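The structure appears right after this line, and notes come after that.
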Amino acid sequence: MAIPITIETRNESFKSVDKKSRQKIILNALGNSRLTARQIAYKLGYKDLNYVVKPRLTELLQEGTIITKDKEFDPITNRNVAVYQLNETSSSQIPSKRKTLEDIESIKQKYSIKTLWS
């Protein structure tokens with residue numbers, strides 16, 4: 001049985017994403033703060049937190065690099081959402097700001113990602 005085109009294209013897109021670079025960008029934005037996914041996305045200038053931020057947060061959670069410590073009310077969704085912070089045992093994984101800014105620009109150009117100021 002053939003794989004539906006939507007699943008095929010989704011898998012192709014997933015494989016083409018530079019996950020580690022995006023994870024570094026998110027870790028740098030998070031720093032020593034406690035932020036929600038939306039706050040991280042807005043801090044990085046992204047409009048769409050579902051495409052860029054949330055999948056990488058899930059990966060970082062699974063790796064144990066970040067943890068959820070709290071909940072915070074999100075006025076846009078009218079729901080409580082997770083607050084993320086760096087796992088204290090993983091603090092050495094925060095990349096330099098200069099390298100992260102280069103990664104952000106590279107990813108934006110490569111994938112034509114729109115930012116709040118685009």
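The values are calculated or read from the model by the stated rules, or taken from the named source; none is laboratory data. Quantities reported herein were computed from a predicted structural model and do not represent experimental measurements. No Cβ is skipped: glycine too gets one built from the backbone with ideal geometry, and neighbour counts run over all protein chains shown.
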statement: Going through (1) closer than 26 Å to N11 by Cβ; (2) modelled with pLDDT of 95 or more one by one, K47 fails only at (2)
query: Quick one: is I67 modelled with pLDDT of 65 or more, among the β-branched types (V, I, T) and part of a helix (DSSP H, G or I)?
result: no
task: Answer with yes or no whether L101 is hydrophobic (A, V, I, L, M, F, W, C) and at pLDDT 90 or above.
output: no
query: Does the range 70-87 hold any residues that are within 18 Å of K43 (Cβ to Cβ) and in contact with a strand residue (DSSP E or B) (Cβ under 8 Å, 6 or more places away or on another chain), and which are they?
result: D70, E72, D74, V81, A82, V83, Y84, Q85, L86
query: How many of the residues in the range 1-58 are farther than 23 Å from F73 by Cα and of a type in the set (D, E, K, R)?
result: 9
message: Could you tell me how many of the residues in the range 10-58 are assigned to a loop (DSSP other than H, G, I, E, B) and over 11 Å from the mean Cα position of the chain (by Cα)?
response: 8
